[in-house]
Amino acid sequence: MAKVILKLEHDISTDDIYPGRFMATVLPTETPQFAFFDRTDFNAKLKARAFPPGSIIVGGENFGCGSSREQACSTLKGHEVAVVARSISRIFLQNSINLGLQVVICPGIEASEGDELEITTDQVLNRTTGQFFDQVKLPAARKGIMDAGGLIPYTRSRLMAKQS
Amino acid sequence: MGMTVVEKILARAAGQASVKAGDVVEPRVDLAMSHENAALVINQFKVVYQGTGLEPKVWDPSKIAIIFDHRVPAESPKTATNQKMIREFVAANGITKFHDVRGDVGGICHQILPEYGYVRPGCVVVGTDSHTTSHGALGAFSFGVGATEMASAWALGIAVNIEVPATIKVVVKGEFPPFVGPKDFILHLIGRLTAQGANFKVLEFHGETIRKMSTSGRLAICNMSVEAGATSGIVPGDEETVRYLREEAGVADGISCVSPDADANYVRTVEIDVSTLDPQIACPHMVDNVKPIDQVLGTKVHQIVIGSCTNGRLDDLADAAAILRGKKVAQGTRMLVFPASSKIFGQALDKGYIHDLMKAGAVVMNSGCGPCLGVHEGALGDGETALSTTNRNFKGRMGNPTGFVYLCSPVVAAASAITGVITDPRRS
Ligand code: SF4
């Protein structure tokens, strides 16, 4: 079980998650400081490590739309948050799986900041309101990558298989 | 059941007789494009090789393109150092399709690829940039990926675990009225589909209007397909594609266009008649917040921007110059112009467009992404408004989260520069 630490509207862009002006910072170890930078209070709390790992950001439709910048995923992954959204933009979804950022597509999700959510294999339970919401399964094609622990180990094993 | 263009391209690239939407394939990659974010790709690429005992070498240096455009010349020591590191990697790996910070062969990646004939019909193109959708204009299947996915492609030469996308057929008919063009069409379409209306899908463009459209216009519409969430936009290759590649890109070798089957399976067909279309404006802060120009006329504009991978091409500059020739940019409004490539910049100089624009008061900047993504130059002041021919208007996009960005065509931007407020070019 984990708390909703941020509740967002529809169409949250990668410019919002990781503003373009920090794009020269690329390393996953350095990007977390700029997460939601222009949401000043939230950014400050993230940096102060105010939230336990597994804390949840709830998004609306089309979460992560916009640019392909992978920093938008590594910046959240660095804080070990999970994203539950009504729908997720293609490249952001792909990047999340590739980097191992936990993302859950949950078209009906209703939750407010402070609610306690529990993510099961195919549902999200809002313990605070007592409501249950179905997840949409991630594309089947992504399973191999998730099972390998991300795209880097997956590619590494493919590369080694190619050599032998 | 027949195949759509993208199904045909993916079947061929994956070595299969046929594929259908939803299948998982691993197509070979014909071109892998990055820009400054190659710095992250290189990092991830090296991580892939860690512990393997193998030397990190890209699968095929001739199929990798790296173009510096997002922050040229570098705006900070950090960017300059990233660029330096990328330059060293390019040299060590023998990557030839490299466009450094230069006034002869430099420019925005989505202009350089077509301009140098790097993309052909039927190719599979991946790019670490969401607007990689642009290259569907040349009949290729071209889509954006993240840096780690690119590192994987550099190592393996394939795109791993790709789901064949379903296709929406967009049929466009009618002749554009004066001062209305491809940008207005694509803004209108995004407004209709919404920002996620084509998520995980391809937009395949057909109809008499598309057949008559120049490659420049096709690049603009495929470029913005991603703003409806599309994996890619594509115009099946035709005579115009071949003409462009031969005459403008200087391609001499074989070009073979791929067309969809007559009985291809589309998830949806959208028909649009452009003969009665008004100039369209995408209003803050979403690209699908599209309105006919009438609804926003008179909005005060502090910064006019003409350029980018959407509308920084020669015809765009010609249209803007024609409107501004002998006129002045309004006091209290500044106008920034950044041609999409050095080649276009040179052509616009030769034709006098740059002179016209500068005499009118525009600041002409070097080719590159410039103010488009708000990291380099041309940031907005607090609460200021920009009217721009670029492709995104998200909060903070032009460098200031308190700013407002409206998107429009080059003729609307030019007409509005003269008045300092959003102005209908048909009535100015
Ligand atoms: S011009 Fe703008 S949209 Fe195009 S590649 Fe550059 S930053 Fe991206």
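Overview of values
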| quantity | calculated |
| --- | --- |
| Residue within the stretch B:259-268 that is part of a loop (DSSP other than H, G, I, E, B), at pLDDT below 95 and not β-branched (Val, Ile, Thr) present | no |
| The stretch B:163-206: number of residues that are of a type in the set (Ser, Thr, Tyr) and surrounded by fewer than 24 Cβ atoms within 10 Å (Cβ to Cβ) | 1 |
| Given (1) more than 18 Å from the chain's Cα centre (by Cα); (2) closer than 19 Å to A:Ser13 by Cα; (3) within 14 Å of the ligand (Cβ to nearest atom); (4) at pLDDT 95 or above, number of the condition B:Gly396 does not satisfy | (4) |
| Unmet criterion (only one of (1) open to solvent by 10 Å² or more (accessible area, probe 1.4 Å); (2) modelled with pLDDT of 95 or more; (3) on the phi < 0 side of the Ramachandran plot) for B:Val24 | (2) |
| Sole residue being touching a residue at least 40 places away in the same chain (Cβ under 8 Å), closer than 27 Å to A:Ser67 by Cβ, in a helix (DSSP H, G or I) and open to solvent by 10 Å² or more (accessible area, probe 1.4 Å), chosen from B:Val41, B:Val47 | B:Val47 |
| Test: residue in the stretch B:385-399 that is in contact with a Pro (Cβ under 8 Å, 6 or more places away or on another chain), more than 27 Å from A:Pro19 (Cβ to Cβ) and open to solvent by 30 Å² or more (accessible area, probe 1.4 Å) | no |
| Index of the failed condition, A:Glu30 passing every other in (1) in contact (Cβ under 8 Å) with a residue 24 or more places away in the chain; (2) within 14 Å of chain B (Cβ to nearest Cβ); (3) of a type outside the set (Phe, Trp, Tyr) | (1) |
| Elements of type helices (runs of 4 or more DSSP H) in the stretch A:36-154, at least 1 residues being within 22 Å of A:His10 (Cα to Cα) | A:40-47, A:71-77, A:90-99 |
| Test: residue in the stretch B:54-70 that is within 16 Å of the ligand (Cβ to nearest atom) and facing chain A (nearest Cβ under 10 Å) | yes |
| Any hit, the stretch B:110-132, residues being within 16 Å of the ligand (Cβ to nearest atom), over 28 Å from B:Ile186 (Cβ atoms) and either open to solvent by less than 40 Å² (accessible area, probe 1.4 Å) or among the small types (Gly, Ala, Ser) (or both) | no |
| Close pairs from the stretch B:221-248: first of a type in the set (S, T, N, Q), partner assigned to a helix (DSSP H, G or I) and within 16 Å of the ligand (Cβ to nearest atom), Cβ under 6 Å, at least 6 apart | B:Asn223/B:His131; B:Asn223/B:Ser134; B:Asn223/B:Cys309; B:Asn223/B:Thr310; B:Ser225/B:Thr133; B:Ser232/B:Thr133; B:Ser232/B:Gly136 |
| Pairs where the first residue, in the stretch B:353-370, is under 18 Å from B:Ser416 (Cβ atoms) and among the acidic types (Asp, Glu) and the second is open to solvent by 40 Å² or more (accessible area, probe 1.4 Å) and away from the ligand (no atom under 16 Å from the Cβ), C-beta under 6 Å, 6+ apart | B:Asp356/B:Arg325 |
| Residue within the stretch A:93-110 that is of a type in the set (Gly, Ala, Ser) and more than 24 Å from B:Tyr49 (Cα to Cα) present | yes |
| Test: residue in the stretch B:239-246 that is outside the structural domain of B:Phe185 (by TED's automatic domain parsing) and open to solvent by 50 Å² or more (accessible area, probe 1.4 Å) | no |
| Within the stretch A:99-110, tally of residues that are closer than 28 Å to B:Leu40 by Cβ, in contact with a Lys or Arg (Cβ under 9 Å, 6 or more places away or on another chain) and within 14 Å of chain B (Cβ to nearest Cβ) | 4 |
| Of the criteria (1) more than 9 Å from chain B (Cβ to nearest Cβ); (2) of a type in the set (S, T, N, Q); (3) over 15 Å from B:Gly396 (Cβ atoms), which one A:Asn43 fails | (3) |
| Search result, residues across the stretch A:82-102 that are in contact with a strand residue (DSSP E or B) (Cβ under 6 Å, 6 or more places away or on another chain) and surrounded by 23 or more Cβ atoms within 10 Å (Cβ to Cβ) | A:Val83, A:Val84, A:Ala85, A:Ile88, A:Ser89, A:Ile91, A:Ser96 |
| Filter pass, B:Thr148 being open to solvent by less than 10 Å² (accessible area, probe 1.4 Å) and more than 15 Å from the ligand (Cβ to nearest atom) | yes |
| B:Pro410 vs. criteria more than 14 Å from chain A (Cβ to nearest Cβ), touching a residue at least 40 places away in the same chain (Cβ under 8 Å), more than 16 Å from the ligand (Cβ to nearest atom) and open to solvent by less than 40 Å² (accessible area, probe 1.4 Å) | no |
| Enumeration of residues in the stretch B:297-310 that are open to solvent by 10 Å² or more (accessible area, probe 1.4 Å) and part of a helix (DSSP H, G or I) | B:Cys309 |
| Hits in the stretch A:111-143 (condition: within 14 Å of another protein chain (Cβ to nearest Cβ) and surrounded by 15 or more Cβ atoms within 10 Å (Cβ to Cβ)) | A:Leu138, A:Pro139, A:Ala141, A:Arg142 |
| Single match in B:Val24, B:Val5 (criterion: at the interface with another protein chain (Cβ under 9 Å from one of its Cβ atoms) and in contact with a Pro (Cβ under 9 Å, 6 or more places away or on another chain)) | B:Val24 |
| Residue count for the stretch B:180-196, restricted to those that are over 14 Å from A:Gly66 (Cα atoms) and within 14 Å of chain A (Cβ to nearest Cβ) | 2 |
| Evaluation of B:Asp273 against (1) closer than 17 Å to B:Val171 by Cβ; (2) among the charged types (D, E, K, R); (3) open to solvent by less than 60 Å² (accessible area, probe 1.4 Å) (one fails), failing number | (3) |
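Here's the yes/no breakdown for (1) within 16 Å of the ligand (Cβ to nearest atom); (2) over 24 Å from B:Ala74 (Cβ atoms); (3) assigned to a loop (DSSP other than H, G, I, E, B):
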{"position": "B:Ala321", "(1), (2), (3)": "no, yes, no"}
{"position": "B:Leu336", "(1), (2), (3)": "yes, no, no"}
{"position": "B:Phe345", "(1), (2), (3)": "yes, no, no"}
{"position": "B:His355", "(1), (2), (3)": "no, yes, no"}
{"position": "B:Val375", "(1), (2), (3)": "yes, no, yes"}
{"position": "B:Ala379", "(1), (2), (3)": "yes, no, yes"}
{"position": "B:Val405", "(1), (2), (3)": "yes, yes, no"}
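The values are calculated or read from the model by the stated rules, or taken from the named source; none is laboratory data. What you see is a predicted model; the values in this text were computed from it and never measured. Reconstructed Cβ throughout: ideal geometry from the backbone, glycine too, with neighbour counts over all protein chains shown. Just so you know, the surface numbers come from the protein's heavy atoms only, side chains and all, with ligands and any DNA or RNA stripped out. Shrake-Rupley method; radii C 1.70, N 1.55, O 1.52, S 1.80 Å.
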